[in-house]
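Asks: Before I ask anything, let me first share the structure, which is written out below as structure tokens.
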Amino acid sequence: MRASILTVLLVASTTLIGCGEATTETTPDWALSEESRQYVEDPQVEERIFRALDAARSAGTDPSISHYHVRAGTAFAHDGVEHTLVGGNSEYLGYPEAIHGETSLMNNVISAVGPEAAREGVDFLAFYKDGQCSEGGSCGDCRDYLMTTTRWEDLLMVCGQGSDGTVHVHRFARWVVPDET
């Protein structure tokens, strides 16, 4: 009996030690760029963006072909509960195919709260970038998927620069060109 109690205590203490922080890196102090303030006036949305960037920073990715880590997150309220969800890209080694970060994220949101709540609740997608943010938008597949799963006319695209903590915000619609054009 005494040996089994010691075994349980040993396993429990080993488990607790193993649950500690895996990294000593610190998350930058986020700050909206001046040009981004026009898109984010609500302090609650700003706080959600920062929370989503912190979560996206550790989103799992597997970019075995491109070596480009797309780590995405969003935060929103649904039925009085705050949700913070992430997604990341995964590429199929040997095939030019992938699960994209935006698609992965929206699939996680839809799985958590359903398609209608996802469409109504998601105001932004936030991407964590180790270095500097780029000016590019989503690829064609992600653009089309976001146009069917979000209120894309109002959707904000957010990039948080891990290099200095600057947060850049743009409207998703900026990158949408009508089919007839």
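Asks: Roughly how many Å² is the accessible area per residue of segment 27-137, as a whole number, for a 1.4 Å probe?
Replies: With the other protein chains kept in place, segment 27-137 gives 52 Å² per residue.
Asks: At what distance in nm do the modelled label points of Glu180 and Asn107 sit from each other, each positioned 7 Å from its Cα along Cα→Cβ?
Replies: 3.5
Asks: Would you please put 76-87, 35-46, 97-108 in order of how densely packed they are, using the mean number of other Cβ atoms within 10 angstrom per residue and starting with the highest?
Replies: In descending order of packing, they fall as 97-108, 76-87, 35-46.
Asks: Could you tell me what percent of the accessible area of segment 28-121 is made up of carbon and sulfur, with a 1.4 Å probe and every protein chain present?
Replies: Whole-percent figure for carbon plus sulfur exposure: 51.
Asks: In debye, nearest 20, what is the charge dipole magnitude of segment 30-181 about its Cα centre with +1 on Lys and Arg Cβ and -1 on Asp and Glu Cβ, if you could check?
Replies: Charge dipole of segment 30-181: 280 debye, to the nearest 20.
Asks: Follow-up question, since we're still on this one. Order of 124-137, 47-60 by packing, highest average Cβ count within 10 Å first?
Replies: Going by the mean number of other Cβ atoms within 10 Å, highest first, we get 47-60, 124-137.
Asks: How many percent of DSSP beta bridges within segment 99-181 run antiparallel, rounded to 5?
Replies: Within segment 99-181, antiparallel bridges account for around 45 percent of the total.
Asks: Could you calculate the contour length gain from Leu93 to Asp79, that is, 0.36 nm times the residue separation minus the distance between their Cα atoms, to one decimal place in nm?
Replies: So the chain would gain 1.1 nm between Leu93 and Asp79.
Asks: Would you calculate the separation in nanometres between label points at Tyr68 and Arg151, each defined as 7 Å from the Cα along the Cα-to-beta-carbon direction?
Replies: With each label point 7 Å from Cα toward Cβ, the separation is 3.0 nm.
The values are calculated or read from the model by the stated rules, or taken from the named source; none is laboratory data. If you're wondering where the values come from, they're calculated on a predicted model, not measured in any experiment. Note: ideal-geometry Cβ built from the backbone for every residue, glycine included; neighbour counts use all protein chains shown. What goes into the accessible areas is simple: the full protein's heavy atoms, side chains included, and nothing from ligands, DNA or RNA. Shrake-Rupley method; radii C 1.70, N 1.55, O 1.52, S 1.80 Å.
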